[in-house]
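Structure record follows, encoded as structure tokens.
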Amino acid sequence: MPETGAERTIQPTGSVLAFDFGEKRIGVAIGTVLDEGLPGTARALTTISSEANDARFTAIAELINEWQPVRMLVGRPLNDDGSSHEMTARCERFANQLRGRFRLPVEYVDERFSSTEADANLRGQGLSWQKRKQQLDAEAACIILQSWFELLAIRHTNSHANAQIPA
């Protein structure tokens, strides 16, 4: 499995776009990597509701132009046991298309249970089923980004702790 990027010790500072890929909708979230590779906050941004590739990539190009990300993340769906399934290959193909079209680093993030967690978060805000459905994919992308940020923070803390240990 490709590294998530959180395993690297140095991260470029700037915006990060995260995608929750689906056949009908793509949820998008935005966040920032701060100085010294520290993660900032993540927030749900939008949902791209189109099945046509041209429309999807036009919308993504507009987001990239607006936010100028230094990297992008794609949620990689897996079975509970960590094995791949049909949607895994589709998400990997989407990630490869992002890399090829936009020439930016694209990394995978395990997205198991992100939609379930997103629905629970939205339900906790008291949103109706219809409102939750409209926001679910963008919220799932936000959870994907937050989980990457958590890994980034752990790696950052560990790298600083290891640097403090005398030889």
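The values are calculated or read from the model by the stated rules, or taken from the named source; none is laboratory data. Since the model is a prediction, treat every value here as computed from it, not as a measurement. In this analysis, Cβ positions are derived from the backbone assuming ideal geometry, glycine residues included, and neighbour counts consider all displayed protein chains.
Answer with yes or no whether THR32 is at pLDDT below 85, β-branched (Val, Ile, Thr), within 14 Å of the chain's Cα centre (by Cα) and assigned to a strand (DSSP E or B).
Details: at pLDDT below 85: no; β-branched (Val, Ile, Thr): yes; within 14 Å of the chain's Cα centre (by Cα): yes; assigned to a strand (DSSP E or B): yes.
So THR32 fails the test.
Inspect all residues belonging to the range 73-82 and state whether any of them is at pLDDT 95 or above, surrounded by 15 or more Cβ atoms within 10 Å (Cβ to Cβ) and out of contact with any Gly (no Cβ under 6 Å at 6 or more places or on another chain). Yes.
Considering only residues of the range 58-90 that are hydrophobic (A, V, I, L, M, F, W, C) and assigned to a strand (DSSP E or B), which is farthest from the chain's Cα centre (by Cα)?
Filtering the range 58-90 for residues that are hydrophobic (A, V, I, L, M, F, W, C) and assigned to a strand (DSSP E or B), the one farthest from the chain's Cα centre (by Cα) comes out as MET72.
Only one of these is part of a helix (DSSP H, G or I), of a type outside the set (Val, Ile, Thr) and at pLDDT 90 or above: ARG155, ARG93, ARG132. Name it. Every option except ARG93 fails the conditions.
Please go through the range 53-72 and pick out each residue that is over 15 Å from ARG101 (Cβ atoms) and either surrounded by 15 or more Cβ atoms within 10 Å (Cβ to Cβ) or out of contact with any strand residue (DSSP E or B) (no Cβ under 9 Å at 6 or more places or on another chain) (or both). Explain how you work it out, then say what you get.
Here is the first cut: in the range 53-72, the residues over 15 Å from ARG101 (Cβ atoms) are 66-68, 70.
Result: GLU66, TRP67, VAL70.
Comparison of ALA44, ALA55 shows that the only residue that is at pLDDT 90 or above and in a strand (DSSP E or B) is ALA44. Of all the residues in the range 74-97, those that are under 18 Å from SER147 (Cα atoms) and charged (D, E, K, R) number 2. Looking across the range 22-45, just one residue is surrounded by fewer than 17 Cβ atoms within 10 Å (Cβ to Cβ), in contact with an Asp or Glu (Cβ under 9 Å, 6 or more places away or on another chain) and either within 15 Å of ALA138 (Cβ to Cβ) or of a type in the set (Gly, Ala, Ser) (or both), and that is LYS24. Is the range 109-116 home to any residue that is surrounded by 17 or more Cβ atoms within 10 Å (Cβ to Cβ), part of a strand (DSSP E or B) and either at pLDDT below 95 or not small (Gly, Ala, Ser) (or both)? For the range 109-116, residues surrounded by 17 or more Cβ atoms within 10 Å (Cβ to Cβ), part of a strand (DSSP E or B) and either at pLDDT below 95 or not small (Gly, Ala, Ser) (or both): present.
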